[in-house]
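First the structure, in the form of structure tokens, and then the observations on it.
The values are calculated or read from the model by the stated rules, or taken from the named source; none is laboratory data. All of these numbers come straight from a predicted model, not from anything done at the bench. Quick reminder, even Gly has a Cβ in these numbers, built from the backbone with ideal geometry, and neighbours come from all protein chains shown. The protein model used for the area step is the full one, side chains on, heavy atoms only, and it has no ligands, DNA or RNA in it. Shrake-Rupley method; radii C 1.70, N 1.55, O 1.52, S 1.80 Å.
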Amino acid sequence: MSLSVVIMTLSVVTLSLSVVTLSLSIVTLSLSIVTLSLSIVTLSLSKRDFFPIFNYQLRLTMKQYYVYILKCCDDSYYTGITNNIERRFAEHQEGINKTSYTFRRRPIELVFSMMFKDVRQAIAFEKQVKGWSRKKKEAIINNQWELLPELSRTSTNFKRE
């Protein structure tokens, strides 16, 4: 009879442990729900509070590139590209590079600049403008973009035969 009581007592203990386990599972489930709630709160905070900060920092680190045209003292034009228009203009004006086209043609005047966010587009536009006639350059300097197609048709192409 003593053995039956022990088995019965063990069954009650097992049942009690099962209830405790069930209670722990409920607590774990509750904790999981709390964790999930905290995750949702964190996600909400990151969208609302941190995303604008990220965008602001991204804007600060994004480069800007400029294609520019300088008018030199001999009335010639120089076309270039830079990521800092003020610094580059000062370098030309001060004559930093003695081998530069603008060195012996100072003072210079900044007559045109266009900003690009993509360096490849800026390089392509610079190359295009460098190949243009004086009249086409003057059209964009004077903000007369609509004249470019006509100036392209009237430009003289000399071909070797």
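Among the residues of region 100-133, the ones that are farther than 19 Å from Phe89 by Cα and touching a Phe, Trp or Tyr at 6+ places or on another chain (Cβ under 6 Å) come to 0 in all. Filtered by the rule that a residue be open to solvent by less than 50 Å² (accessible area, probe 1.4 Å) and of a type in the set (A, V, I, L, M, F, W, C), region 94-106 gives a lone residue, Phe103.
With respect to (1) farther than 21 Å from Ile140 by Cα; (2) open to solvent by 70 Å² or more (accessible area, probe 1.4 Å), the lone exception for Glu109 is condition (1). Restricting region 59-93 to residues that are assigned to a helix (DSSP H, G or I) and of a type in the set (Asp, Glu), the residue that is most open to solvent (accessible area, probe 1.4 Å) is Glu86.
Mind listing just one residue for me: the one in region 112-124 that is hydrophobic (A, V, I, L, M, F, W, C) and assigned to a helix (DSSP H, G or I) and, of those, surrounded by the most Cβ atoms within 10 Å (Cβ to Cβ)? For region 112-124, the residue satisfying everything is Ala122. Number of residues in region 125-146 that are open to solvent by 60 Å² or more (accessible area, probe 1.4 Å) and either on the phi < 0 side of the Ramachandran plot or part of a helix (DSSP H, G or I) (or both): the value is 10.
Comparison of Glu126, Glu146, Glu94 shows that the only residue that is of a type outside the set (Val, Ile, Thr) and more than 25 Å from Lys63 (Cβ to Cβ) is Glu146.
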